[in-house]
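This report refers to the structure that appears directly beneath it.
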Amino acid sequence: MAAPRRSEPWIPHFILVVGVAIFVFPIFFVLIGSTHDASVIGRGDMPLTPGSHLIENYAQAWSLGSGEKVRAIPVRDMLLNSFVMASAITVGKIAISLISAYAVVFFVFPLRMFFFWMIFITLMLPVEVRIIPTYKVVSDLGMINTFSGLTVPLIASATATLLFRQVFMTIPDELVEAAKIDGAGPMRFFWTMVLPLSRTNIAALFVILFIYGWNQYLWPLLITSSREMETIVIGIVKMIGTGDAQTDWQIIMATTIFALIPPVAVILFMQHWFVKGLIETEK
């Protein structure tokens, strides 16, 4: 006789639903607010149903970025700045970390581990600790209000280097010796063996680092004084006035929804590779 089926436990599911509701409700509230006009939001009695100003608010935010009280650049320009910054930071961090980890693991040179531990120690130095000297260097190089100034100081990553080093150390020595016997040089071994074995880890890091670059606030705030170079995160903050009477909340909420789309799209598009990179090694 077949054993009776166990009923699904409802407590974990209930807790999960409550947690999702807590996180989703603010986003839902912003989405609903972006469909109403300023008078409805200003009265403080905004309903939880969509309004009739969705197309108007989103078109105004996208093409103008300004309302009756808000003065900003178009959201499309801020999104482009953020996308360029996040993409450059992500690709730069992954490329530099791959090369540095490859050198540490597969090459023997003087002070190899010293340099690795120097990289590792920088994990204890957050951006806020080195923000002043970094700003001075960028300023002296004339990189204020430039994409290079936004991205170059942030493209080195000790965390990614450490993770790739651990991945590379799992590659068997027999595989390295077989590649040498077949006449594969360092670059060929890197492109044909190491890089394919690291693709899931690269995908997982791509998601994490893209969101890291997209959400940057302190560094873009310091390095950009021109409105044309503002990222979407900085733009939203500067759109908020000193009080409700000086703020077009419907434009800000529409801009916030626009700001959520790229990172969410990256997560959804790379979800399979992201999870695979975190739980599998494929070695």
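The values are calculated or read from the model by the stated rules, or taken from the named source; none is laboratory data. Since the model is a prediction, treat every value here as computed from it, not as a measurement. Heads up, the Cβs are rebuilt from the backbone with ideal geometry, glycines too, and the neighbour counts pull from every protein chain shown.
Within the range 217-224, identify whether any single residue is outside any helix (DSSP H, G or I), in contact (Cβ under 8 Å) with a residue 24 or more places away in the chain, touching a helix residue (DSSP H, G or I) at 6+ places or on another chain (Cβ under 9 Å) and buried (at least 17 other Cβ atoms within 10 Å of the Cβ), and answer yes or no.
The first filter runs over the range 217-224 and keeps only residues outside any helix (DSSP H, G or I), leaving 217, 224.
From the residues that got through so far, the ones that are in contact (Cβ under 8 Å) with a residue 24 or more places away in the chain too are 224.
Narrowing the set further to residues that are touching a helix residue (DSSP H, G or I) at 6+ places or on another chain (Cβ under 9 Å) leaves 224.
Right, trim to buried (at least 17 other Cβ atoms within 10 Å of the Cβ) and you get 224.
Checking the range 217-224: at least one residue is outside any helix (DSSP H, G or I), in contact (Cβ under 8 Å) with a residue 24 or more places away in the chain, touching a helix residue (DSSP H, G or I) at 6+ places or on another chain (Cβ under 9 Å) and buried (at least 17 other Cβ atoms within 10 Å of the Cβ).
When GLU230 is tested against (1) modelled with pLDDT of 85 or more; (2) over 30 Å from LYS136 (Cβ atoms); (3) of a type in the set (Asp, Glu), just one condition goes unmet, and that condition is (2). Scanning the range 215-274 for residues being over 18 Å from ILE27 (Cα atoms) and of a type outside the set (Val, Ile, Thr) gives a total of 27.
On inspection, ALA38 does not qualify as out of contact with any Leu (no Cβ under 7 Å at 6 or more places or on another chain), surrounded by 10 or more Cβ atoms within 10 Å (Cβ to Cβ) and at pLDDT 80 or above. Every test in (1) under 19 Å from PRO220 (Cα atoms); (2) in contact with a Leu (Cβ under 9 Å, 6 or more places away or on another chain); (3) surrounded by 14 or more Cβ atoms within 10 Å (Cβ to Cβ) is passed by THR161 save one, and that test is (1).
Every residue, every condition in (1) modelled with pLDDT of 80 or more; (2) among the hydroxyl-bearing types (Ser, Thr, Tyr); (3) on the phi > 0 side of the Ramachandran plot, yes or no:
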| position | (1), (2), (3) |
| --- | --- |
| VAL91 | yes, no, no |
| VAL105 | yes, no, no |
| PHE114 | yes, no, no |
| TRP117 | yes, no, no |
| ILE121 | yes, no, no |
| GLU128 | no, no, no |
| LYS136 | yes, no, no |
| THR151 | yes, yes, no |
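The number of residues in the range 30-84 that are under 27 Å from the mean Cα position of the chain (by Cα) and in a helix (DSSP H, G or I) comes to 21. The set of residues in the range 43-69 that are within 16 Å of MET239 (Cα to Cα) and surrounded by 13 or more Cβ atoms within 10 Å (Cβ to Cβ) comprises ASN57, TYR58, GLN60, ALA61, TRP62, LEU64, GLY65, SER66, GLY67, LYS69. Considering the range 85-112, and only residues there that are of a type in the set (Val, Ile, Thr) and touching a Phe, Trp or Tyr at 6+ places or on another chain (Cβ under 6 Å), the residue that is farthest from VAL167 (Cα to Cα) turns out to be THR90. Scanning the range 124-131 finds one or more residues that are of a type in the set (D, E, K, R), outside any helix (DSSP H, G or I) and under 25 Å from LEU163 (Cβ atoms). If you check ALA203, ALA179 for being surrounded by 14 or more Cβ atoms within 10 Å (Cβ to Cβ), assigned to a helix (DSSP H, G or I), at pLDDT 85 or above and among the aliphatic types (A, V, I, L, M), only one passes: ALA203.
Yes/no per residue for (1) free of Cβ contacts under 8 Å to residues at least 12 places away in the same chain; (2) among the polar types (S, T, N, Q):
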position: PHE168; (1), (2): no, no
position: ASP173; (1), (2): yes, no
position: PRO186; (1), (2): no, no
position: LEU197; (1), (2): no, no
position: LEU209; (1), (2): no, no
position: ASN215; (1), (2): no, yes
position: ARG227; (1), (2): no, no
position: ILE232; (1), (2): no, no
